[in-house]
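One structure below.
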Ligand SMILES: Nc1ncnc2c1ncn2[C@@H]1O[C@H](COP(=O)(O)OP(=O)(O)O)[C@@H](O)[C@H]1O
Ligand SMILES: [Mg+2]
């Protein structure tokens, strides 16, 4: 059984159809990447999975259970967390408060404190900044915080929306080292939306290509890396 | 009255205390406007009516208790508790029936719904009670140690100011340290992101109305005791002034609501004391117009987002 399955999912913004019948499935433990041009519907796919923009038609199953009519906070409780596009740090909450918000649905205080320490060991700069409002952090620091905040929920499925966008090369590399590490060490399943298709396909097991609200290609990451169409459209080769 | 070239210190202090007392009440009510605005960007025009309903509830409870021979502070406490619970239930219900169904609608729709709710609640109390002013007993105890200062500050004023300070401190603690308080702040800053970390935003919104309404009811009991009479329309003018206070301080900001309330209270008190008492309500609105022209975000408001 797939961990997450989308069946003929159609999502609308008013009368505009953003997702035109998406089929997608993710197995436990995989890193899946979703690539596509600007406006293809990648972010909408993630927001639809999380219940923020529920689908008008189709089904979404998480661990076999339909979630397309479930409230967003209940989907989080089932084990789905998202690092949204643009990081969306709570600007007036401190770094520590942002992390604590990530653990909002957990009640194991001691474990939460330990997880925060673990995050600080992963990203020492966040420890230095822990009393600062999130809004005062640099873009790279905010991205680290956004990923950390999502991890604080101890998700089974982590959705990442363009985590490398606009980052300096060093931070970029750090983020791309951390993603497989999270997958390996915590067994977290990952759905990675990326502009940098080359990097994404290098760390992913499988990939999907989204064009104009439709999945046009899917397959093992290596085969997509060698696919002529993908090379031309997304790898700039 | 002050006269001649000498500065009358007692008169000045009396006005200062009067303004502080008035401002405290505005602050208590302004907190509800500002919290709701911070969370859902709605000006809850029915908030003044919640305060009025709090005062009416306290009057009814106090009358029943007094008729049954109860006296003293226990009347105040029981009447206040029932008023707070009742007003909170009203606030909760108003949100559920008048605003929640319009959550996705254009911004003007809930605003119109709020005005409708305000008119409805006024008329409901008018029909269920009376259009006359009803005498409201002073439920607040007389503190003997205030006797020597009574020409400047009476027991009632002291109790109003202290209650407001205590309620504001409790609210600040609640917002800063409790889980629900943190959820409120997160929701105010980014509603969808709050959902994405597992906050039940509908519940946060309900609780915001409950807390704001409870504070308004406390304000209602205090001001009704102070002024000594109420009717169905008292929520209207006080509501608009408390709203002015919230805008003055920076709508969405909790310290701003308190500061705005105090500034408004003092403005009214000094202006009526030193200039003219004929135009009492005019000063508040002059202040509102000035702030909207010169500092639209309010005293403590940030230009874009500064909420709860
Ligand atoms: N909030 C919104 N309201 C209306 N249309 C939207 C909204 N968000 C996205 N869209 C539209 O939906 C389509 C898909 O957008 P999006 O999912 O953000 O694409 P991507 O993440 O792949 O760049 C685009 O045409 C975009 O203009
Ligand atoms: Mg996007």
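The values are calculated or read from the model by the stated rules, or taken from the named source; none is laboratory data. Values in this document were obtained by computation on a predicted structure and should not be read as measured data. Backbone-built Cβ (ideal geometry, glycine too); neighbour counts: all protein chains shown.
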Next item on the list: For the stretch A:179-198, enumerate the residues that are away from ligand 2 (no atom under 16 Å from the Cβ) and over 12 Å from residue A:31 (Cβ atoms).
Entry: A:185, A:186, A:198
Next item on the list: Quick one: which residue in A:36, A:79 is modelled with pLDDT under 95 and touching a strand residue (DSSP E or B) at 6+ places or on another chain (Cβ under 8 Å)?
Entry: A:36
Item checked: Filter result (surrounded by fewer than 17 Cβ atoms within 10 Å (Cβ to Cβ) and within 28 Å of residue B:9 (Cβ to Cβ)) within the stretch B:282-295 -> B:282, B:286
Next item on the list: Quick one: residue A:75 ticks every box in (1) within 16 Å of ligand 2 (Cβ to nearest atom); (2) touching a helix residue (DSSP H, G or I) at 6+ places or on another chain (Cβ under 9 Å) except a single one, so which number is it?
Entry: (1)
Notebook entry, point to check: So, of the residues in the stretch A:165-195 that are within 16 Å of ligand 1 (Cβ to nearest atom) and closer than 22 Å to residue B:197 by Cβ, which turns out to be surrounded by the fewest Cβ atoms within 10 Å (Cβ to Cβ)?
Noted result: A:165
Checklist line | Every residue from the stretch B:102-134 that is outside any helix (DSSP H, G or I) and within 21 Å of the chain's Cα centre (by Cα) | finding: B:133, B:134
Checklist line | residue A:144 being touching a residue at least 12 places away in the same chain (Cβ under 8 Å) and away from every other protein chain (no Cβ under 12 Å) | finding: yes
Next item on the list: Give me a count of the residues in the stretch A:71-105 that are at positive phi and facing chain B (nearest Cβ under 8 Å).
Entry: 1
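For every residue, the table says whether it meets (1) surrounded by 14 or more Cβ atoms within 10 Å (Cβ to Cβ); (2) within 16 Å of ligand 2 (Cβ to nearest atom).
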site	(1), (2)
A:1	no, no
A:12	yes, no
A:15	no, no
A:20	yes, no
A:31	yes, no
A:35	yes, yes
A:39	no, yes
A:45	yes, yes
Notebook entry, point to check: Hey, does the stretch B:296-305 have a residue that's crowded, with 24+ Cβ neighbours inside 10 Å, farther than 30 Å from residue A:160 by Cα and in contact (Cβ under 8 Å) with a residue 24 or more places away in the chain?
Noted result: yes
Margin query: When you check residue A:60 against the structure, is it buried (at least 19 other Cβ atoms within 10 Å of the Cβ), over 16 Å from the mean Cα position of the chain (by Cα) and free of Cβ contacts under 8 Å to residues at least 40 places away in the same chain, yes or no?
Written below: no
Checklist line | Members of the stretch A:197-224 found to be closer than 20 Å to residue A:166 by Cβ and surrounded by 19 or more Cβ atoms within 10 Å (Cβ to Cβ), listed by number | finding: A:197, A:200
Item checked: Within the stretch A:103-218, helices (runs of 4 or more DSSP H) holding 2 or more residues that are within 18 Å of residue A:38 (Cα to Cα) -> A:197-203
Next item on the list: Collect the residues in the stretch A:114-172 that are out of contact with any strand residue (DSSP E or B) (no Cβ under 7 Å at 6 or more places or on another chain) and on the phi > 0 side of the Ramachandran plot, keeping them in residue-number order.
Entry: A:154, A:166
Item checked: Which listed residue is within 18 Å of residue A:46 (Cβ to Cβ) and within 14 Å of chain B (Cβ to nearest Cβ), from A:133, A:155 -> A:155
Notebook entry, point to check: Say we look at the stretch B:160-187 and pick out the residues that are surrounded by 13 or more Cβ atoms within 10 Å (Cβ to Cβ) and under 13 Å from residue B:27 (Cα atoms); which of these is farthest from the other protein chains (Cβ to nearest Cβ)?
Noted result: B:160
Next item on the list: Could you identify the single residue in A:174, A:201, A:235, A:225 that is more than 14 Å from chain B (Cβ to nearest Cβ), away from ligand 2 (no atom under 16 Å from the Cβ) and modelled with pLDDT under 90?
Entry: A:235
Notebook entry, point to check: Does residue A:43 satisfy the criteria of being under 30 Å from residue A:14 (Cβ atoms) and within 16 Å of ligand 1 (Cβ to nearest atom)?
Noted result: yes
Check: So which residues in the stretch A:219-237 are part of a strand (DSSP E or B) and at negative phi, if there are any at all?
Finding: A:220
Next item on the list: Looking only at the stretch B:188-201, count how many residues are under 27 Å from the mean Cα position of the chain (by Cα) and either within 17 Å of residue A:96 (Cβ to Cβ) or at the interface with chain A (Cβ under 7 Å from one of its Cβ atoms) (or both).
Entry: 3
